[in-house]
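Structure, as structure tokens:
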Amino acid sequence: MMRDAAAGEHPDSGTRGSALAEEAERAHRSRLAWRQQQLRVWDLLQLVTPWLLLTISTAIYFSWVLPASGERFRSEGAVVLGLVAVSVVWVLFGHTLPLRRRTLRPVPAGIFFVGLLALCVTLMTYSDIFLVFTVAGFFHAYLLRPWPLGVFGVLTTSIALNGSAMRVWADPAPDVLAEFFLIVAVQTAAIGVGILLTARSEPEERKREELVERLEAALHENAGLHAQLVAQARESGAQDERQRLAGEIHDTLAQGLAGIITQLQAAERSARMRGETEEHVARALRLARSSLTEARRSVRALAPRELGRARLPDALRTLTERWSQDQGIGAQMEVTGQREPLSPAIEVSLFRVAQESLTNVAKHARASRVGVTLSYTGPEVLLDVRDDGRGFTQGAGTGFGLTSMRQRIRGVGGHVEVQSAPGEGTSVSARVPAIAPGGTGANGEADR
């Protein structure tokens, strides 16, 4: 009796394959997240730096430099304030918005850089504190393409910065000029090397990005094929076993119960003719009829069938409502997305996860509300069971029920996540591929 069932399960190979696929995908996502974090930090630095340096320079100038100089605000201060306002508009429309929209092009970037440097030089004629704002030119030089323009941008920024700081134009003494050229050369070489290395690594980085995308696509394709094969194997073995069990029940249990009922009915008629009341006969008759009804229900449930429409939402809704009535706990069932027919193995696995999760809530959670959500997202189907109970600490959820739940979902190519914390409730999330009856995707097309 267990031969066909064993043939339909094969949990070891399926579980190992799914676990390896999950581990590889998890490692790949970790690497992608680390790289994206680095890019986000650099992008944020590029966006924020001009504003931060301009704010610092302006604040120090109006709070300290201008009052200490004895100049009136209406003369020099008004001009500086106007230049700062022009700088704000220039940085906003020439730097910040194009970077945020990813529309910055080489020619507009070069025009912005020239205007930025002109504003910095003009502001430095009023106060050396705007040297701080001029440093923004080094950061923007990294955005100039091709890379020689970036190095040239570093050179011009260094000349403007150090020329104003060292008063080279006012006192071009030989020793001052020598020191000036040395500082400019070292500064340009140090920053320019970074621009050169960035430009050289860009083609390799693009190739690496393409390779990562291809590997990710291949990983998802392999996971889908594996899930399809596992689901087909389970469905084929399960259908064979259902058909065999249905035949056995019909030929043995159902026929036997029907005979018992016939005999009991005859005994009942004999007892009535004699005027005797046989309570135990009537009771046996009721039990036999109940068993026959159950046997017929099992035959109908075990008989192989094709899913013409999505039946899982109705089953989950019924399960949730009955559980809520039995336990006296408020429970709500929601379905999102377009309902699609699913493989019987997928539907049974998701139903058992919901059943086990609700059982755990009743036993351990002490919850007042429970939410069950079934989401059809196209290539995947998600089941979430959430409660507002007492929760548990990480590592405590290792009971047989949760382990069996994870193994069942891994067997159909999915995975289960359990999130909980003391006093914050528990969330059980199952994610499985949307494989329709016959091994096709949820959209009705065969997986390639």
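Which members of segment 336-373 meet the condition of being more than 21 Å from Ser404 (Cα to Cα) and out of contact with any strand residue (DSSP E or B) (no Cβ under 8 Å at 6 or more places or on another chain)?
Pro341, Arg366
Could you say which residue among Arg352, Arg369, Arg339 is surrounded by fewer than 18 Cβ atoms within 10 Å (Cβ to Cβ), more than 25 Å from the chain's Cα centre (by Cα) and of a type outside the set (Phe, Trp, Tyr)?
Working: Arg352 fails: more than 25 Å from the chain's Cα centre (by Cα); Arg339 fails: more than 25 Å from the chain's Cα centre (by Cα).
Checking each option against the conditions leaves just Arg369.
This table checks each residue for (1) crowded, with 17+ Cβ neighbours inside 10 Å; (2) among the charged types (D, E, K, R); (3) touching a Lys or Arg at 6+ places or on another chain (Cβ under 8 Å); (4) more than 17 Å from Ala59 (Cα to Cα).
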site	(1), (2), (3), (4)
Val114	no, no, no, yes
Met124	yes, no, no, no
Phe138	yes, no, no, yes
Tyr142	yes, no, no, yes
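Can you confirm whether segment 169-188 contains a residue that is not in a helix (DSSP H, G or I) and not hydrophobic (A, V, I, L, M, F, W, C)?
In the first step, residues of segment 169-188 are kept if they are not in a helix (DSSP H, G or I); the result is 169-173.
Next cut, not hydrophobic (A, V, I, L, M, F, W, C) only: 171-172.
Yes, because at least one residue in segment 169-188 is not in a helix (DSSP H, G or I) and not hydrophobic (A, V, I, L, M, F, W, C).
Within segment 65-93, restricting attention to residues that are at pLDDT below 90, of a type outside the set (Lys, Arg) and over 16 Å from Leu123 (Cα atoms), which residue is surrounded by the most Cβ atoms within 10 Å (Cβ to Cβ)?
Per the stated criteria, the residue is Pro67.
Kindly indicate whether Val114 is in a helix (DSSP H, G or I) and in contact with a helix residue (DSSP H, G or I) (Cβ under 8 Å, 6 or more places away or on another chain).
Working: in a helix (DSSP H, G or I): yes; in contact with a helix residue (DSSP H, G or I) (Cβ under 8 Å, 6 or more places away or on another chain): no.
No: the conditions fail for Val114.
The values are calculated or read from the model by the stated rules, or taken from the named source; none is laboratory data. Note that this is a predicted model, so its numbers are computed, not measured. For neighbour counting, all protein chains shown are included, and Cβ atoms are generated from backbone atoms with ideal geometry for every residue, glycine included.
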